[in-house]
Amino acid sequence: PAGRRLGDFRAGEFQVEVQLGFTHRTQGAFYLTFENPGNRALHWNGAKAEFVTTLAKPDDPRLGVALYLEPSYTRFAKGSGERQSVLSFETKLLLERRFAERLTWVGNVTLEQEFERADRKWNPELEAELSTGFAYRVAGRLSIGGEGRWTHAFAGFPNIVEPGKGALCAGPTTDYGGGG
């Protein structure tokens, strides 16, 4: 679309999702993703599935632990929007600890292995992420808190590990929980 090469462009991403609870501890979802690059028609961009299983519920004073798996395929690169096949497999360790009734801590450890197809070859990359946050319920369904996230990409992994790009982000959070 116009302006993409200059870094100024508009695009929309849409997902159709079907969720299913397999057991009281395991759930899954299947997504079809679509992209609308600028003023063009809607294009199919790929598919992904996610599976979450709870190993321990976050009941006071226990630590909640869950495992998350997400295989996916996309047809367009995230940053540039250029046509490029990407296979990825994301895994997460999800941790949650509730203190009393109002304070909750969460922490996530994420590893995502990606393979981007460009110039007739597959280019691997591993992205690692650590995130943590606290939330305090101030009234009824309203919580406020803070979150921090460190992300780093390792180009060439697992073949050759090259220093990649990284980011450290932190900021406030708010949450208003719905009913039920």
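The values are calculated or read from the model by the stated rules, or taken from the named source; none is laboratory data. Owing to the predicted nature of the structure, the values given are computational and were not obtained by experimental measurement. In case anyone asks, the SASA skips ligands and DNA or RNA and just uses the protein heavy atoms, side chains included. Shrake-Rupley method; radii C 1.70, N 1.55, O 1.52, S 1.80 Å.
Here are some notes:
- Solvent-accessible heavy-atom area per residue, rounded to whole Å², over the chain at 1.4 Å: 67
- Rolling a 1.4 angstrom probe over the chain with all protein chains present gives an accessible area of which 57% lies on carbon and sulfur atoms.
- Nearby aspartates and glutamates by direct alpha-carbon distance to LYS92 (threshold 13 angstrom, same-chain neighbours under 8 apart not counted): GLU50, GLU70, GLU112, GLU127, GLU129
- Label assignment, log10 I(q)/I(0) by the Debye sum over Cα atoms at q = 0.09, 0.18, 0.20 Å⁻¹ derived from the structure, set [x] -0.28, -1.31, -1.72; [y] -0.43, -1.37, -1.42; [z] -0.36, -1.13, -1.27: [y]
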